[in-house]
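The structure under discussion appears below in the form of structure tokens.
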Amino acid sequence: MVRQVMYQKLNNPFGYALLALFAVGLAFVLSMLPLKLAVLFVAAILAIPVVVGVFVDLNFGIIVMLFAAFFLGLVAKFTDAPIGTALDGMLVLMLVGMLARLIKERDFSFAKNPISIFIFAWIYYNLLEVLNPWAGSRLAWVYTVRTVALLLALYFIACYAFSTYRRIVNTLKVILFLGFVSALYSLKQEWIGFSQAEITWLNADEERFMLIFQWDRMRVFSFFSDPTTFGILMGYMSMLCLVLAAGPFKIWRRIALLVAAVSMLLGMAYAGSRTPFVMLPMGVILYMVLTFKRQTILAALIFFMIGAGFIMKSTNSAVIWRIQSAFRGESNDTIEVRMKNQAKIQPYILSHPVGAGLGSTGYWGKRFTPDSWLAGFAHDSLYVRLAVETGWVGLLIYMGLLFTAMRTSIRYYFRVKDPTIKTLYLGLTITVFLLALASYPQEAITLLPTSVVFYLMLAMIARLKDFDPNFAKQEERMEN
């Protein structure tokens, strides 16, 4: 018996029989429990190894975070449980795991880059917002800063975890794979139909239904909470796939990236959000400027000529008309409303340099300060919300973070020599640019799963150059 357990580790007939007996016993116990309790019990059994794995292996934790961020919206359609706190819990575990390693290693070189400085500044500023004299609710700050600080901590966790080039590439593959799966599911919604659970979820809220049912058709939203979140995701992910497809990769990888890009573009079109349609030509322009090759310029000109013809053609398709409306000016009424709202809030922003406090607008504003006029203010923009909640001081810090991320990525793109790493930097630069652009009309960066993807990409920008053997030599040459 001792030999079977200690030396063979139950990898023998006795162990198999014991495992089968345990499985039968567990199945019997679960069959006797109420359904909800049985589901919770199984979830707990599955969660234990995941929790241990997230704490022990930060790369595994990042992958779990990505899957959770992409599928959280799907799970939320089946339950009212506060499953969003699961993401916060995983981030806390990963942060504790990283700090435990750093106490022993005392090596902080992974965080020594310009982006880290602004991340630190943004975290510190948000923590100081608890002292904001104009804040209407300290509890709103608690709920808001929890998410902000932990998501920003993901950047440092990823910088530490991305200790090899392979880990960065594998994480990027997971992001692209999840984006492709999201696109395929949206095509299923468009061509086959919504599931019964999704129909029930749509009909449960009249405002939600009116947002998704427009122009006599249902806009697709894939796994997510709304078509806008999904459309923006498809906008920058399709552009990233197209950039990588032009890189020095094997032909089958480039074909796979093109297939993914086409699927994402279709999903974006069926989602019907205007913002992603504007993102694409802006991404093409930046790609043309950064590469500045004859072939690139010619391809961009052909793209814009075809796009102009597409915009001018007449159509009876609601999908095509929605794309055309983003460039024809049919959305002027929406733009005018947003401009009026921004003009209305500008005096308040100028007179409140540190803002009205975190959580003073949007959902948390309606919950904790419902009597405040800011609770009902439609900011319709990440930058406007930041200006209202954190003031023009906070907005400047955040814009500094985005500018530094762009500047750092462009700088590394031109200085690395490895063609694969150069292509990755090109894709990451364009992605960050598109998200910064999309955050003016929408809250693009703060929406799941983009919020997780964005900070992982910032970590990739900070770390990729470390794996180009010629980069250090290039830096020394530039300094001398």
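Quick notes on this one:
- Förster-model FRET efficiency, 22 Å R0, LYS340 and LYS366, C-beta, rounded to 0.05: 0.55
- Across LYS112/LYS422; LYS340/LYS366; LYS313/LYS366; LYS293/LYS340; LYS77/LYS173; LYS77/LYS313, pairs whose alpha-carbon gap is larger than 32 Å: LYS313/LYS366; LYS293/LYS340; LYS77/LYS313
- Pairwise inverse Cα distances across region 211-321, averaged and inverted, put the Kirkwood hydrodynamic radius at 15.1 Å.
- Percentage relative contact order, the chain, counting C-alpha pairs under 8 Å, at least six apart: 20 percent
- Simple spin-label estimate for ILE251 and LYS173 gives 2.1 nm between the two label positions (7 Å along the Cα-to-Cβ direction from each Cα).
- Inter-site label distance for THR85 and PHE120 at 7 Å from Cα along Cβ, in nm: 3.3 nm
- Protection-proxy order for peptides 144-154, 95-105, each taking the mean of Cβ atoms within 10 Å per residue, highest first: 144-154, 95-105
- Evaluated over the Cα positions of region 319-413, the convex hull gives a direction-averaged projected area, one quarter of its surface, of 8.8 nm².
- For the chain, the average shadow cast by the Cα convex hull is 29.5 nm², which is a quarter of the hull's surface.
- Distance between modelled label sites at VAL96 and VAL51, nm, 7 Å Cα→Cβ extension: 0.9 nm
- Annotation note: GluC sites (Glu not before Pro) in region 178-261 located in DSSP loop regions with a Cβ neighbour count of at most 16 within 10 Å are absent.
- For the peptides 229-236, 413-420, 114-121, the ranking by mean Cβ contacts within 10 Å, running from highest to lowest, is 229-236, 114-121, 413-420.
- Table column - 3J(HN,Hα) (Hz), region 299-308, Karplus curve with 6.51, -1.76, 1.60, x for Gly and Pro: 5, 5, 5, 4, 4, 6, 5, 5, x, 5
- Amide H contacts of TRP134 (H built 1.01 Å from N, under 5 Å, at least 5 apart or other chain): none
- Förster radius 41 Å - calculated FRET efficiency between TRP373 and TRP191 (Cβ-Cβ, nearest 0.05): 0.35
- Based on Cα atoms of region 348-480, Rg over Rh with Rh as the Kirkwood radius reads 1.12.
- Size of charge dipole - the chain - debye, nearest 20, with Cβ of Lys, Arg +1 and Asp, Glu -1, no other charges: 1340 debye
Any read-out appearing in this document is the output of simple, stated calculations on the displayed coordinates, not a laboratory observation. Since this is a predicted model, take the numbers as computed values, not measurements. Positions of Cβ are generated from backbone atoms using ideal geometry, with glycine treated the same way; all protein chains shown enter the neighbour counts.
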